[in-house]
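The structure appears right after this line, and notes come after that.
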Ligand SMILES: Cc1ncc(COP(=O)(O)O)c(C=O)c1O
């Protein structure tokens with residue numbers, strides 16, 4: 001049936017997610033497996049969130065509220081935006097897809113960095129867009145090259161703020177100069193899946209402020225990372241009223257489950273728990289980075305970043321290194337699919353998990 005398929009489907013290489021823990025246990029006959037491959041939160045949701053999930057479970061016979069009313073009201077208050085400016089998705093992945101579905105006609109162009117979050121190119125290609133991919137410069141966005149790549153055919157520019165796998169963000173001056181003089185009808189999509197980890201960084205752009213004066217900004221955030229709800233799949237976009245209405249029009253009517261809505265609402269209200277987790281993960285990241293730097297004589301470099309993952313460059317081939325770690329029950333991300341054949345990406349885990357990783361890493365290199 002290949003020749004019957006949508007031609008854009010044949011253009012993409014399927015996304016390969018990090019291996020699930022149970023699969024690795026089964027395949028390698030291991031009892032203990034640590035997954036540090038998908039930038040998940042190693043901690044479970046807060047007790048208040050678990051309670052909300054149990055309560056929402058009683059109404060699973062009903063379809064969810066397609067408008068996410070309560071969550072919409074709560075977020076609109078917190079973010080100081082009109083409730084109609086919010087668009088909810090099955091993860092922020094779906095918010096990316098909704099923007100493309102609403103705006104791309106065949107042959108339109110989408111500008112993005114490379115390497116960058118793979119969903120930008122996969123979803124853009126599927127939507128019929130031409131991907132204009134601008135190489136990173138020293139693992140950072142080359143914002144002036146990205147601006148030069150914008151043409152009359154450009155509909156969307158994707159900016160990972162911060163991005164995955166680089167873990168970095170374009171600073172305020174770079175974003176300001178990128179936006180200066182940019183056509184008002186080119187959408188600038190700031191993907192802020194890791195917002196909470198980066199928000200306090202110096203020179204980090206507060207994109208919701210940009211959105212107040214610019215109709216062409218979309219900001220996407222998620223409950224998958226700091227809020228630890230990756231398994232429930234819920235994220236949201238914030239855009240101008242006009243853009244949000246178009247994205248909402250192409251959304252499946254019940255794309256966000258009732259359990260996900262209840263969990264997200266409870267998570268937003270439990271600041272104490274999530275502030276503590278944020279602090280713990282940040283402390284762990286600093287500790288892990290410092291320990292990894294002690295391997296610099298063996299050619300190990302840790303890239304700067306402000307997310308719940310780090311990128312590590314070694315003198316070893318990343319496929320070999322990640323396979324060696326896997327044998328010890330540690331799942332990390334081999335970055336060769338991103339063209340980074342000496343890099344692995346490692347999610348910050350609990351202290352005990354990070355210790356196991358370090359031990360296996362030391363042995364492998
Ligand atoms: C940069 C970036 N954007 C978006 C996502 C998607 O997250 P979700 O669909 O779980 O909200 C991820 C997930 O890893 C990511 O790294």
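Does segment 327-342 contain at least one residue that is modelled with pLDDT under 95, at positive phi and in contact with a helix residue (DSSP H, G or I) (Cβ under 8 Å, 6 or more places away or on another chain)?
Yes; the residues of segment 327-342 include at least one that is modelled with pLDDT under 95, at positive phi and in contact with a helix residue (DSSP H, G or I) (Cβ under 8 Å, 6 or more places away or on another chain).
Evaluate the following for residue 185: is it part of a loop (DSSP other than H, G, I, E, B), farther than 24 Å from residue 285 by Cα and in contact (Cβ under 8 Å) with a residue 12 or more places away in the chain?
yes
Can you list residue pairs whose Cβ atoms sit under 7 Å apart, with the first residue in segment 86-102 being within 8 Å of the ligand (Cβ to nearest atom) and the second being in a helix (DSSP H, G or I)? Count only pairs 6 or more apart in sequence or on different chains.
Close Cβ pairs (under 7 Å, with a partner that is in a helix (DSSP H, G or I)) amount to 89/95; 89/98; 93/119; 96/119; 96/120; 96/123.
Are any residues in segment 1-57 surrounded by fewer than 11 Cβ atoms within 10 Å (Cβ to Cβ), part of a loop (DSSP other than H, G, I, E, B) and more than 25 Å from the chain's Cα centre (by Cα), and if so, which ones?
Answer for segment 1-57, where residues must be surrounded by fewer than 11 Cβ atoms within 10 Å (Cβ to Cβ), part of a loop (DSSP other than H, G, I, E, B) and more than 25 Å from the chain's Cα centre (by Cα): 1, 5, 6, 29, 31.
Go through 80, 148 for me and flag whichever is touching a residue at least 12 places away in the same chain (Cβ under 8 Å), away from the ligand (no atom under 15 Å from the Cβ) and surrounded by fewer than 21 Cβ atoms within 10 Å (Cβ to Cβ).
80 is the lone residue from the list that is touching a residue at least 12 places away in the same chain (Cβ under 8 Å), away from the ligand (no atom under 15 Å from the Cβ) and surrounded by fewer than 21 Cβ atoms within 10 Å (Cβ to Cβ).
If a residue has to be in contact with a strand residue (DSSP E or B) (Cβ under 9 Å, 6 or more places away or on another chain) and surrounded by fewer than 21 Cβ atoms within 10 Å (Cβ to Cβ) to count, how many in segment 83-92 make the cut?
The qualifying residues number 1.
Scan segment 219-231 residue by residue and report those that are without any contact (Cβ under 8 Å) to a residue 60 or more places away in the chain and buried (at least 22 other Cβ atoms within 10 Å of the Cβ).
219, 223
Pick out the one residue from 71, 100 that is over 16 Å from residue 193 (Cα atoms) and within 19 Å of the chain's Cα centre (by Cα).
Criteria check complete, one pass: 100.
Picking from 193, 173, which residue would you name as being farther than 15 Å from residue 86 by Cβ and more than 13 Å from the ligand (Cβ to nearest atom)?
After applying the criteria, what remains is 173.
The values are calculated or read from the model by the stated rules, or taken from the named source; none is laboratory data. Bear in mind that the values here come from a model prediction, so they are computed numbers and not experimental data. For neighbour counting, all protein chains shown are included, and Cβ atoms are generated from backbone atoms with ideal geometry for every residue, glycine included.
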